[in-house]
Amino acid sequence: MRFILLTALFLGFLQSAFALTDSLIIKGRINNLNGRLYRQAPFITFSRNNILQPQSELSKQADLQADGSFRVSLPMLFPQEEIYVDYAGKAFTTFLGSPGTVEITFNGDSIGKAKKLFYFAGANADANNQYPLYLAAENQRLNSSRTLGTEFFKSFWEKSPSDARFIAESRGEFRLGSVKAATQNTVASPVLYNWVRSVTDEEQLQILYEHAMGNQYQISKVLLDSLKRLDRAPLTGQRVIWANRFGNYADQLVEGKKFDNPSRTNSLPVKLMAALIRDNSKNLSADDRQHLNQITANGLAEKGELDFMNKLFARNELVLNLLFNYERESRIYGDLFDSTATEFLKVRYLAKNLYKYTYPQQLLLNNHIKSRTGISQFKQSLDEIVQLEVKDSANIRKLVDFKNVRTAPAEALPGYYLTASNDRGTSWFNGIMDGLKGKTVYIVKWNIEDAKSREELDFIPALQARVPEDIVFLFVHFSTDDYTVSDAILRQYIVRHRLKGIHMSINDSQAMDLLFRLNPLDFATFSIVRPNGKFATKNAPAPSETEKTAKALIEVSQQ
């Protein structure tokens with residue numbers, strides 16, 4: 001079973017970036033691989049999770065040799081992690097990886113036919129070979145129970161906190177019982193039991209956090225204590241979902257804390273501020289540094305020292321604002337949660353806000369945050385996604401530096417077109433559409449600050465890979481009153497997320513002028529325009545509905 005459909009491919013830099021981490025060596029063979037199958041799918045994809053990034057897996061492709069053999073290595077941040085195998089959408093499975101070697105074999109002529117297709121040897125082999133049996137038994141048990149299976153969620157959200165906890169625990173034990181049911185004729189693998197126990201426990205935690213958020217009550221001490229397991233193995237897809245739900249719950253508490261006690265949440269201890277200024281300011285004199293050392297050790301001795309710090313702050317305001325804002329938020333985490341949860345939220349701060357920063361700012365915050373946390377898995381997880389973010393720095397720089405932007409779309413990078421105008425929204429939009437007559441156009445309305453927009457845009461590359469190249473993607477970015485993104489950050493996001501197509505960034509007055517032409521103007525809404533320039537639909541399916549959307553686009557293009 002796949003955890004997430006969307007993948008972001010590992011590049012060669014990961015091998016050097018994680019030279020100090022343990023690796024999982026995956027090798028094996030597709031037996032009876034015929035020429036037709038090889039031509040259709042000459043590689044096999046292996047994916048793993050990052051605890052800070054629930055919207056995507058991290059993947060690496062292994063090229064198939066002519067005899068069907070393959071070999072690949074993946075960095076391992078946790079002692080055990082779920083790994084997902086996908087052979088061109090034709091065959092997929094999940095296995096538990098550990099540092100070391102795992103061997104996988106399956107028959108090409110049995111794809112879609114065999115009840116058990118994959119066979120494992122090496123690390124965790126017993127658990128991995130029994131896992132499909134567990135999935136089949138669990139599916140059968142859940143379908144046999146309305147209360148704990150098929151209709152569990154129909155009434156769960158309306159239950160009281162105590163009743164919700166009781167029935168969530170009952171469902172977990174029921175699912176865990178599938179291990180025994182699946183291994184009646186053999187010895188159950190202890191590794192499999194612990195793996196499934198982790199998954200079922202963390203489904204309980206996930207839905208109980210969701211229950212607390214939906215019904216607006218504080219979670220119990222037991223749930224708070226459970227956060228100590230965030231850095232423990234195995235890392236599963238379910239762990240990532242639960243960690244994300246906890247992060248969302250924590251965000252609510254942080255905002256409440258800011259509202260209830262603004263004086264504390266907007267301030268920092270003087271000694272910490274002095275240390276940040278000392279360690280992150282350029283061109284400090286020896287006297288300045290000595291003075292800051294004294295304040296770091298002893299605090300303020302006189303009022304004039306505050307003016308001294310303010311003057312140094314003003315010299316390096318952009319950098320220090322980044323760090324001060326992070327430290328203010330981090331201070332709230334420590335007020336609300338224990339050490340493991342606080343450490344997780346510290347690294348999550350950058351992961352959830354990556355889209356707000358330029359890549360030099362991302363690197364700066366990454367280095368600072370890693371210096372402030374002691375849990376290696378969290379530091380490595382953050383470093384992993386930051387390195388993915390900045391890997392396109394050369395192309396980002398080219399797009400950011402592109403100056404030849406006109407009312408008509410101009411190609412700034414291969415496949416990336418920019419357009420800008422002070423004209424009325426309707427005349428600008430109509431001019432672009434006139435130039436696209438004869439082509440099917442998929443219109444994406446979005447805003448970088450909108451979480452739903454960012455989630456949907458992650459599916460754009462996968463959607464584009466499934467439709468003809470002559471289908472045009474037109475991205476219409478709306479500004480908002482409370483947040484105006486810089487053009488540089490917007491262009492960085494476009495390259496990083498491989499949003500190939502034509503990009504318009506419209507202001508509020510242009511958006512109002514387009515109200516009837518593009519209605520609805522909501523973020524994360526989509527439209528399809530026929531080759532004749534007429535709308536096929538103004539409420540098209542989203543990129544996340546990849547198969548449905550691809551089918552709709554292809555049908556319109558063939559009309």
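The values are calculated or read from the model by the stated rules, or taken from the named source; none is laboratory data. Everything quoted here is computed from the prediction, not taken from an experiment. All Cβ positions, glycine included, derive from the backbone under ideal geometry; neighbour counts span all protein chains shown. Remember, those area values only see protein heavy atoms, side chains included, never the ligands or the DNA or RNA. Shrake-Rupley method; radii C 1.70, N 1.55, O 1.52, S 1.80 Å.
Taking the conditions exactly as written (at pLDDT below 95, over 23 Å from the mean Cα position of the chain (by Cα), crowded, with 16+ Cβ neighbours inside 10 Å and part of a strand (DSSP E or B)), does residue 106 satisfy them or not? Spelling it out, residue 106 is indeed at pLDDT below 95, over 23 Å from the mean Cα position of the chain (by Cα), crowded, with 16+ Cβ neighbours inside 10 Å and part of a strand (DSSP E or B). The residues on offer are 250, 275, and the sole one that is over 22 Å from residue 161 (Cα atoms), open to solvent by less than 60 Å² (accessible area, probe 1.4 Å) and in contact with a helix residue (DSSP H, G or I) (Cβ under 9 Å, 6 or more places away or on another chain) is 275.
The rows are residues; the columns are (1) hydroxyl-bearing (Ser, Thr, Tyr); (2) open to solvent by 30 Å² or more (accessible area, probe 1.4 Å).
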site: 458; (1), (2): no, no
site: 469; (1), (2): no, yes
site: 473; (1), (2): no, no
site: 491; (1), (2): no, no
site: 511; (1), (2): no, no
site: 525; (1), (2): yes, no
site: 539; (1), (2): no, yes
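Among the residues making up the stretch 75-90, those that are crowded, with 20+ Cβ neighbours inside 10 Å and among the hydrophobic types (A, V, I, L, M, F, W, C) are 76, 77, 78, 83, 85. Any residue that is open to solvent by less than 20 Å² (accessible area, probe 1.4 Å), among the charged types (D, E, K, R) and either touching a helix residue (DSSP H, G or I) at 6+ places or on another chain (Cβ under 7 Å) or more than 28 Å from residue 282 (Cβ to Cβ) (or both) - is there at least one of those in the stretch 380-402? So far as the stretch 380-402 goes, yes, one or more of its residues are open to solvent by less than 20 Å² (accessible area, probe 1.4 Å), among the charged types (D, E, K, R) and either touching a helix residue (DSSP H, G or I) at 6+ places or on another chain (Cβ under 7 Å) or more than 28 Å from residue 282 (Cβ to Cβ) (or both). Reported count of residues in the stretch 224-233, each being open to solvent by 10 Å² or more (accessible area, probe 1.4 Å) and either among the β-branched types (Val, Ile, Thr) or touching a helix residue (DSSP H, G or I) at 6+ places or on another chain (Cβ under 7 Å) (or both), is 3.
Restricting attention to the stretch 278-292, the residues that are open to solvent by less than 90 Å² (accessible area, probe 1.4 Å) and either in a helix (DSSP H, G or I) or not polar (S, T, N, Q) (or both) add up to 7. Per the conditions (1) of a type outside the set (Asp, Glu); (2) modelled with pLDDT of 95 or more; (3) under 19 Å from residue 459 (Cβ atoms), the sole criterion not satisfied by residue 498 is (2).
Mind telling me which of the residues 411, 456, 469 ends up being farther than 17 Å from residue 495 by Cα and of a type in the set (Asp, Glu)?
Sole residue among the options that is farther than 17 Å from residue 495 by Cα and of a type in the set (Asp, Glu): 469.
When the helices (runs of 4 or more DSSP H) confined to the stretch 434-515 are screened for residues that are among the hydrophobic types (A, V, I, L, M, F, W, C), those reaching at least 3 such residues are found at 460-464, 487-496.
Tell me whether the stretch 158-180 contains one or more residues that are β-branched (Val, Ile, Thr), at pLDDT below 95, surrounded by fewer than 21 Cβ atoms within 10 Å (Cβ to Cβ) and at negative phi. No, the stretch 158-180 contains no residue that is β-branched (Val, Ile, Thr), at pLDDT below 95, surrounded by fewer than 21 Cβ atoms within 10 Å (Cβ to Cβ) and at negative phi. Remark: pairs (first residue in the stretch 280-297, farther than 16 Å from residue 268 by Cα; second residue part of a helix (DSSP H, G or I) and open to solvent by 70 Å² or more (accessible area, probe 1.4 Å); Cβ separation under 7 Å; 6+ apart in sequence or on different chains) = 281/315.
If the condition is being within 29 Å of the chain's Cα centre (by Cα), of a type in the set (Phe, Trp, Tyr) and outside any loop (DSSP other than H, G, I, E, B), then the stretch 375-432 contributes 378, 416, 417.
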